[in-house]
């Protein structure tokens, strides 16, 4: 129960107060509208609030399979997230070096400021909650 309450508190803290919806949103796990991701083949996502392609705050869930890897990239807007299940290994910068990552297990929180290169991989199925501002783009980061 403490873990659930901790995740709920982290989720509330991640949503900027001015951008919170004025509509009630109640979604049980069986109601999550999962779709195959076009930008991240092999993964699924579910937009729960807002629209990542439009200006404004959005919230989505991302489901990543085991052994999934995302190359160094960055976003124009700050990305905030919670690891809901599983875990990710996150590295900062453009190297993609697996020796320089930090493991974030379920219950962990991350914030990547705008224009900050990062990369990650999984070793198990993982679910993330992401909150950011659209339009949200994934921009490949090149090593110097």
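By the gyration tensor of its Cα atoms, with a ≥ b ≥ c the square roots of the eigenvalues, what is the shape of region 32-144: rounded for a/c under 1.5, prolate for a/b over b/c, or oblate?
Here region 32-144 falls in the oblate category.
Relative contact order for region 26-144 using alpha-carbon pairs under 8 Å, separation at least 6, rounded to a whole percent? Before the final figure, lay out the partial values.
Values: 307 pairs, mean separation 39.5, N = 119.
The normalised contact order for region 26-144 reaches 33 percent.
Need one word for region 51-108: rounded, prolate or oblate. Basis is the Cα gyration tensor (sqrt eigenvalues a ≥ b ≥ c); a/c below 1.5 gives rounded, then a/b vs b/c decides.
Because a/c hits 1.5 or more and a/b fails to exceed b/c, region 51-108 counts as oblate.
For a test of the definition: using alpha carbon positions, the gyration tensor, and the 1.5 limit on a/c, classify region 85-143 as rounded, prolate or oblate.
oblate
Mind jotting down the distance between the C-alpha centroids of region 110-144 and region 60-81, whole Å?
Centre-to-centre distance over Cα atoms comes out at 4 Å.
Bear in mind that the values in this text are calculations on the coordinates, not laboratory data. Values in this document were obtained by computation on a predicted structure and should not be read as measured data.
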